[in-house]
Amino acid sequence: MVGQSRKWMILVATTWIQAFTGTNFDFSSYSSELKTVLGISQVQLNYLSVASDMGKALGWCSGVSLMYFPLWAVMFMAAFMGLFGYGLQWFVIQRMITLPYVLVFLLCLLAGCSICWFNTVCYVLCIRHFQANRALALSLTISFNGVSAALYSLIANAINPADDNLYLLLNAVVPLFTSGVALIPLLRQPPSMQPLSREATYRDSRIFLCLNILAVVTGLYLLLLNSLSSKISNARILLVGAIFLLILPLCLPGIAYAREWARRNMPWSFQNDNSSNFNLANPDDLELHKELIAENESGNVVNATSYGMVDKQGCLWCFGKVMEKDRLTVLGEEHSARLLIRRWDFWLYYAAYFCGGTIGLVYSNNLGQICESLGYGTKTSSLVTLYSSCSFFGRLLAASPDFLRDKLYFARTGWLAVALVPTPIAFLLLTLSGSEAMLRAGTGLIGISSGFVFSAAVSVTSELFGPNSAGVNHNILITNIPIGSLLYGLLAALVYDSNEGSSQIRENFLKEATLCMGRSCYRQTFIWWGCISVVGLASSVLLFLRTRAAYNRFERNRCRTESSS
């Protein structure tokens with residue numbers, strides 16, 4: 001029982017780490033000030049945001065470090081990377097020191113690495129202590145990474161609402177403080193957990209359901225009440241409430257275990273309490289139920305007619321051939337890196353992430369300049385909070401395939417395709433109108449869509465290409481983030497700088513920095529980003545069509561096994 005309670009303390013500590021270390025989400029809050037102090041162009045500012053995202057390309061370093069150092073040591077390494085990376089930038093933006101552009105670029109890279117190292121620690125903790133509910137633990141903790149910007153906005157308003165430079169100082173100090181708070185649970189980790197009984201799995205599932213409901217309440221609290229935090233007194237009261245909501249999950253496992261104790265010792269109190277039929281698939285079932293999709297099922301080779309191909313001499317027949325070529329036939333089959341990059345399904349998956357989730361992250365990096373160009377510069381903080389909160393809800397929704405599995409089964413790659421639909425709609429709205437309402441609607445839609453992709457991707461990678469290889473394979477997948485950040489951000493920066501002639505440039509304040517005002521600064525960029533997001537949506541649909549047979553077969557095997565047992 002002690003070990004079980006400790007694992008929940010580990011989970012709550014992991015949510016704290018994620019909630020206060022998503023520091024890349026508030027880049028837009030201070031990017032304009034950084035651009036002003038350094039006197040750089042929009043293209044050069046884009047390179048700084050790319051440097052922060054490049055930390056994900058170096059994610060393998062954190063995995064290697066775990067082979068030689070304990071988890072708590074790697075966590076503090078990440079904290080000190082952020083302390084130096086963001087702390088020195090704060091000194092620059094406060095004009096206390098002067099650094100060349102190249103060194104600021106390296107500081108952004110170091111800060112980006114710290115985020116990736118924190119994420120690695122959290123992934124390992126969830127996988128190690130929640131083997132039976134790994135997908136739920138990951139989706140819950142990853143979702144809290146999306147509220148970082150809202151929390152930092154609340155903290156900044158509680159200290160000094162007029163100081164945008166405060167974000168950099170908070171980015172440097174708060175993760176280190178959070179690491180100190182999370183140190184005790186990490187040092188008191190339970191021993192290796194034994195496989196859970198079916199009853200214990202149901203109990204844990206109910207706790208996860210309660211934790212997700214509480215997470216939704218936390219997200220709504222930060223989203224709806226953040227607009228009231230413009231005054232210091234209000235912000236401090238709201239901050240106390242937010243901290244209370246983050247601490248409250250510590251009580252839920254205790255309540256569940258007390259109920260279980262009462263159930264064993266006072267059974268008459270629970271005579272009418274039927275066992276919940278709420279059930280989740282154990283990710284380890286991928287190892288237990290692997291089965292090839294027979295090429296000659298029912299004596300017939302699966303051919304193009306499976307996709308409604310009637311005319312085998314036409315384009316439909318060609319499409320069917322493409323759909324059948326080298327498709328995945330097994331869920332959970334381990335893929336080495338060499339085999340992974342030879343898979344068509346992987347490249348469809350890569351394109352869906354590259355043109356879907358990554359483009360949402362680039363949008364958030366440019367949100368400060370987008371607000372400024374449309375004349376809503378004073379609304380930047382609230383829009384960053386909106387994106388962060390919607391990203392949080394999108395990440396929570398990534399757990400829906402597990403919660404709805406018994407009532408509404410749908411392949412996880414199909415959920416991924418559905419999640420990418422809001423992105424092109426959002427860019428269409430942003431292209432058609434520059435009003436504040438459209439800006440908020442588009443920002444919210446992009447936040448939900450990209451948040452779902454970021455959270456669901458870990459589980460999709462595990463299911464398609466093997467759970468044991470997920471650490472390496474997922475790091476290969478997210479190499480698209482720095483690449484997309486560079487290409488999409490560079491596109492936006494070039495369009496922005498090309499339209500500077502139609503704007504008023506405040507040379508006395510911005511030195512050589514450029515300032516573009518008007519819808520023309522980003523309208524063409526929104527059109528390009530919208531077209532790219534359509535490509536991502538099409539790739540996700542093709543991935544779903546290619547993998548749904550494997551998902552359906554796996555689900556039938558799971559149901560057959562459970563009914564027989």
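The values are calculated or read from the model by the stated rules, or taken from the named source; none is laboratory data. As the structure is a computational prediction, the values presented were derived from the model and not from experiment. Glycine also receives a Cβ, built like all others from the backbone with ideal geometry; neighbour counts cover every protein chain displayed. The protein model used for the area step is the full one, side chains on, heavy atoms only, and it has no ligands, DNA or RNA in it. Shrake-Rupley method; radii C 1.70, N 1.55, O 1.52, S 1.80 Å.
Couple of notes before you dig in:
- Percent accessible area from carbon and sulfur atoms, the range 1-261, protein chains only, probe 1.4 Å: 73
- Neighbourhood charge, 11 Å Cβ-Cβ cut-off, centred on residue 430 and excluding it, Lys, Arg +1 and Asp, Glu -1: +3
- The distance from the alpha carbon centre of the range 328-369 to that of the range 450-493 is 5 Å, rounded to a whole number.
- Peptide packing for 92-98, 245-251, 144-150 was compared via the average number of neighbouring C-beta atoms within 10 Å per residue; ordered from the highest value, the list is 144-150, 245-251, 92-98.
- Each principal axis of the Cα atoms in the range 1-261 has its own extent, and those three values, largest first, are 63, 45, 27 angstrom.
- Dipole magnitude for the range 1-261: computed about the Cα centre from +1 point charges on Lys and Arg Cβ and -1 point charges on Asp and Glu Cβ, it is near 560 debye.
- Peptides 417-426, 231-240, ordered by how many other C-beta atoms sit within 10 Å of their residues on average, highest first, read 417-426, 231-240.
- Positive-pole candidate from 73, 40, 61, dipole of the range 1-261, charges at beta carbon: 73
- In the range 1-261, taking the dipole from charged Cβ atoms about the Cα centre, the farthest positive-side position among 138, 172, 86 is held by 138.
- Carbon and sulfur %, accessible surface of the range 327-428 computed with the full protein complex present, 1.4 Å: 67
- Multiplying each eigenvalue of the alpha-carbon gyration tensor of the range 46-189 by 5 and taking the square root yields semi-axes of 28, 18, 14 Å, largest first, rounded to whole angstroms.
- Among 101-109, 19-27, 158-166, the order from most to least packed when residues are scored by Cβ within 10 Å on average: 19-27, 101-109, 158-166
- Full-extension gain in nm, residue 98 to residue 435, via 0.36 nm per residue minus C-alpha separation: 117.5 nm
- Residue 468-residue 210 FRET efficiency (beta carbon distance; Förster radius 25 Å; 0.05 resolution): 0.25
- Approximate spin-label separation residue 418-residue 69, in nm, with each point projected 7 Å along Cα-to-Cβ: 4.2
- Other residues within the sphere of radius under 14 Å centred on the Cβ of residue 24, judged by their own Cβ, net out at -1 (K and R +1, D and E -1).
- Shape call, the range 327-420: gyration tensor on alpha carbons, a/c limit 1.5: oblate
- Shown is the FRET efficiency for residue 183 and residue 240, computed with R0 = 30 Å from the Cβ-Cβ distance and rounded to the nearest 0.05: 0.80.
- Stretching residue 560 away from residue 160 to a fully extended chain increases their span by 138.0 nm, per 0.36 nm per residue minus the current alpha-carbon distance.
- With protein chains left intact and a 1.4 Å probe, residues in the range 1-261 average 39 Å² of accessible area per residue.
- The distance from the alpha carbon centre of the range 374-434 to that of the range 129-153 is 16 Å, rounded to a whole number.
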